[in-house]
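Q: Next up is a structure, given as C-alpha cells.
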Amino acid sequence: EPEVTQTPSHQVTQMGQEVILRCVPISNHLYFYWYRQILGQKVEFLVSFYNNEISEKSEIFDDQFSVERPDGSNFTLKIRSTKLEDSAMYFCASSEEAGDMTQYFGPGTRLLVL
Amino acid sequence: AQSVTQLGSHVSVSEGALVLLRCNYSSSVPPYLFWYVQYPNQGLQLLLKYTSAATLVKGINGFEAEFKKSETSFHLTKPSAHMSDAAEYFCAVTGTASKLTFGTGTRLQVTL
C-alpha cells in the first residue's frame, strides 16, 4: 500500500542553524501539507501546497519557514534559522484530490533544537 | 472556520469494555470529519472518516463513529476494548481541501 515517507526520522541541530525536512508524498496525490506537534500538545497545521504554490498557511508559518517541491516526488520544509521552540515532531501529509479530503500522514521527523 | 473539542484528555477502560471517545465539532461549512490514532513514538494513522455519505462510519480495528449533525458530534466507539487499543486518539475536521484542525487528543488506557 502506498505511503508517505519522511526523512530523517530524527534530527538534532543547534539554534540558528538551517534544517530541511524531506517528505515523499503518495505518488498520485496533488495536495501536500506540513503539520507539527510539540511534545504533549495537539497537532497544528503549518502549510498546504497545491499546484506548486502555497494554498494556505498558519500564523506559525512565518518567514523562517519555506516549502518546496523541487522535483516530481519530494516535498520539503525548510526552517532557515531554528529556534528552541521549533523543537517538535513534524508531519508531512498528502491527499489525492479536493473532493476526497482524506490526508495520509507520514511517520514524522522529530526535530530537537539545542 | 472549524474547531474540534475532545472531552476527556484521558480515558481508562477495562479490557473488553466499551470504548467511547467524544468529539464535538464546529464548522461554518459542511464538515469532513476524521479520527486518527497515534501509537507511542509513531505517526498518525487514519482510523475512519466521514465525508457526507453514511452517517455511521466503520473504520479499522473494530472502531466506528456516528455523525450527528443535530448534536455536532462525531464520537468514536468500539464495543470491546483490547490492550492493543491503548494510544492517543485525535479527532479532526476540515471543510476545504486545505488544513485539518485537530482536537487536543484523548489518551486511551486499557487495563486488565
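Q: Exactly one of these conditions fails for A:L111: (1) within 14 Å of chain B (Cβ to nearest Cβ); (2) in a strand (DSSP E or B). Give me its number.
A: (1)
Q: Among what's in the range A:19-45 and is outside any strand (DSSP E or B) and hydrophobic (A, V, I, L, M, F, W, C), pick the residue that is farthest from A:F75 (Cα to Cα). Break it down into steps so the answer makes sense when it comes.
A: Within the range A:19-45, the subset outside any strand (DSSP E or B) is A:25-30, A:38-42.
Now drop any that are not hydrophobic (A, V, I, L, M, F, W, C), which leaves A:26, A:30, A:38-39.
Working: A:I26: 11, A:L30: 11, A:I38: 21, A:L39: 24 Å.
Checking each candidate, the answer is A:L39.
Q: Another question, if that's okay. So, A:Q11, is that one closer than 23 Å to B:A87 by Cβ, part of a strand (DSSP E or B) and touching a Ser or Thr at 6+ places or on another chain (Cβ under 7 Å) or not? I'd like the intermediate steps shown before the answer.
A: Numbers: closer than 23 Å to B:A87 by Cβ: no; part of a strand (DSSP E or B): yes; touching a Ser or Thr at 6+ places or on another chain (Cβ under 7 Å): yes.
No, not satisfied.
Q: Further question on the same structure: Assuming A:K78 fulfils every condition listed in (1) part of a strand (DSSP E or B); (2) more than 15 Å from the chain's Cα centre (by Cα); (3) not polar (S, T, N, Q) apart from one, which condition is it?
A: A:K78 satisfies all of (1) part of a strand (DSSP E or B); (2) more than 15 Å from the chain's Cα centre (by Cα); (3) not polar (S, T, N, Q) except (2).
Q: Tell me yes or no: at least one residue of the range A:88-101 is more than 26 Å from B:K49 (Cα to Cα), within 14 Å of the chain's Cα centre (by Cα), of a type in the set (S, T, N, Q) and more than 10 Å from every other protein chain (Cβ to nearest Cβ).
A: No, the range A:88-101 contains no residue that is more than 26 Å from B:K49 (Cα to Cα), within 14 Å of the chain's Cα centre (by Cα), of a type in the set (S, T, N, Q) and more than 10 Å from every other protein chain (Cβ to nearest Cβ).
Q: Residues of the range A:2-49 being more than 17 Å from A:P70 (Cβ to Cβ), acidic (D, E) and more than 10 Å from every other protein chain (Cβ to nearest Cβ), which ones?
A: none
Q: Of all residues being part of a strand (DSSP E or B) and surrounded by fewer than 16 Cβ atoms within 10 Å (Cβ to Cβ) in the range B:56-108, which is nearest to the other protein chains (Cβ to nearest Cβ)? Just the residue, please. Before the answer, list the steps.
A: Start the filter on the range B:56-108 by keeping residues that are part of a strand (DSSP E or B), which leaves B:56-58, B:64-68, B:73-78, B:87-94, B:101-102, B:106-108.
Next, only the ones that are surrounded by fewer than 16 Cβ atoms within 10 Å (Cβ to Cβ) stay: B:56, B:58, B:66, B:68, B:77, B:107.
Working: B:L56: 18, B:K58: 15, B:E66: 19, B:K68: 19, B:T77: 21, B:R107: 10 Å.
Among those residues, the one meeting the criterion is B:R107.
Q: Then there is this: Identify the residue in the range B:15-55 that is of a type in the set (G, A, S) and in a loop (DSSP other than H, G, I, E, B) and, among all such residues, is surrounded by the most Cβ atoms within 10 Å (Cβ to Cβ). Quick ask: steps written out before the conclusion?
A: Narrowing the range B:15-55 to residues of a type in the set (G, A, S): B:16-17, B:26-28, B:43, B:52-54.
Remaining after also requiring in a loop (DSSP other than H, G, I, E, B): B:16-17, B:28, B:43, B:52-54.
On the way: B:G16: 11, B:A17: 14, B:S28: 8, B:G43: 20, B:S52: 11, B:A53: 8, B:A54: 10.
My answer is B:G43.
Q: A follow-up question, please. Name the residues in the range B:16-43 that are more than 10 Å from every other protein chain (Cβ to nearest Cβ) and more than 24 Å from B:Q109 (Cβ to Cβ), would you? If you could, list the steps in order and put the result at the bottom.
A: Step one: of the range B:16-43, the residues more than 10 Å from every other protein chain (Cβ to nearest Cβ) are B:16-30, B:35, B:37, B:39-40.
Residues satisfying the conditions are B:Y25, B:S26, B:S27, B:S28, B:V29, B:P30.
Q: Here is a follow-up. What are the pairs with Cβ atoms under 8 angstrom where one residue, in the range A:50-70, is within 14 Å of another protein chain (Cβ to nearest Cβ) and part of a loop (DSSP other than H, G, I, E, B) and the other, located anywhere, is surrounded by 10 or more Cβ atoms within 10 Å (Cβ to Cβ) and among the charged types (D, E, K, R)? Sequence gap at least six, or different chains.
A: Listed by first residue and then by second, the contacts come to A:S58/A:E44; A:S58/B:K99; A:I60/A:R36; A:I60/A:E44.
Read-outs: derived from the displayed coordinates by stated rules, not from any lab. Predicted model only: the values in this text are computed from it and were never measured. Cβ coordinates were reconstructed from backbone atoms using ideal geometry, including for glycine residues, and neighbour counts include every protein chain displayed.
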